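**Q** Once you've had a glance at the structure underneath, I'll fire off some questions.
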Amino acid sequence: MTSLRTFAIVATPLLSSVLLIGCTSARMAPPADVAGASEVLAVSERSKWSGQFVNEGFKLGDYDVVDVDRKWGSNSGSGIGPWSKETTTTGFSYVLAAGEKKLPGKCSSVSTSQAVSGFSWGHMKFACACDGADGKAELVITDTGRTLKVRDTEYKLEPIHALAGGGNMPNPTGFRADGDQPLGAVEVVHPGQVWLKKGLDDATRATTTCIFVGLMLYKPPSDATH
């Protein structure tokens, strides 16, 4: 009996810690060089659910993400990306709004049989494009690399696996974009967050944010129905 009591005394706090960790949402740890040179666009009013009958819009800093449509391009090969003749397994569209200005975005992906080098967020090809009056931004992730082009400037896109509080996740918690200097970063685990280089002009700020929203909205195949 004494040994059972001793086990219970030791096990109870351990179990409580496990339950606490399980109930706590994982958050991305932003790289120090990005965080120190960026403004933060925090997310609010975002549902944890997605699907046809869910309003997936949310606020992102001074922007609104509206008109999220996951039926777009889901069975069409005419979507975004260098695989126009392939059938997309995921297709969605959305709009980034700031007052009267609206910047439409579209994304599509194709599952692949081989893992993308350095990228464990599902085996897929993924692309997004935002095109509006202020310019265009494009993102492409394939087995040959990850690129982000904002207006006329190209950036390297790299996954982040670090967790706030320490540790890492196998799948990315977010991504960072770098040119001569960091452009910013995006958290892809719910609820998400965006870091943007301070001092960006309004057009670059909007198009970069729009592309980052595409990464926030993407659902890996295993999560697509949640």
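Bear in mind these aren't lab numbers, they're just calculated from the coordinates by the rules spelled out. Not measured: the values here are computed from a predicted model. A quick note on method: Cβ atoms are made from the backbone with ideal geometry, for glycine too, and the neighbour counts reach across all protein chains shown.
**Q** Which residues' amide hydrogens lie under 5 Å from the amide hydrogen of Thr173, considering only partners 5 or more residues apart or on another chain, with H built in the peptide plane?
**A** Ile160, His161, Ala162
**Q** Something else about it: Under 5 Å between amide hydrogens, which residues at least 5 positions from Leu183 or on another chain qualify, with H placed 1.01 Å from N in the peptide plane?
**A** Those qualifying (amide H under 5 Å, at least 5 residues apart or on another chain) are Ala177, Asp178.
**Q** Something else: Among the aspartates and glutamates, which fall within straight-line cross-link reach of Lys125, defined as a Cα-Cα distance under 14 Å, with same-chain neighbours fewer than 8 residues apart omitted?
**A** Lys125 reaches Glu86, Glu138, Asp143.
**Q** Using 7 Å Cα-to-Cβ label points, what is the Ala37/Val54 separation (nm, one decimal)?
**A** Going by the 7 Å Cα→Cβ label model, 3.6 nm.
**Q** Find how many whole Å separate the alpha carbon centroid of region 162-179 from the alpha carbon centroid of region 190-214.
**A** 17
**Q** Something else: Residue by residue through region 206-219, what is 3J(HN,Hα) from phi via Karplus (6.51 cos²θ - 1.76 cosθ + 1.60, θ = phi - 60°)? Round to whole Hz and write x for glycine and proline.
**A** Karplus values, whole Hz, x for Gly and Pro: 5, 5, 5, 4, 4, 5, 4, 4, x, 5, 5, 7, 4, 10.
**Q** Do any of Lys59/Lys102; Lys48/Lys156; Lys156/Lys198; Lys136/Lys197 go past 25 Å between their Cα atoms, and which?
**A** Values: Lys59/Lys102 14 Å; Lys48/Lys156 29 Å; Lys156/Lys198 19 Å; Lys136/Lys197 18 Å.
From the list (Lys59/Lys102; Lys48/Lys156; Lys156/Lys198; Lys136/Lys197), the Cα-Cα distance tops 25 Å for Lys48/Lys156.
**Q** If you don't mind, there's one more thing I want to ask. What does the highest-first list of 25-36, 190-201 look like by mean Cβ count within 10 Å? Could you put the intermediate results ahead of the total?
**A** Details: 25-36: 15.9, 190-201: 17.9.
Going from most to least packed, we get 190-201, 25-36.
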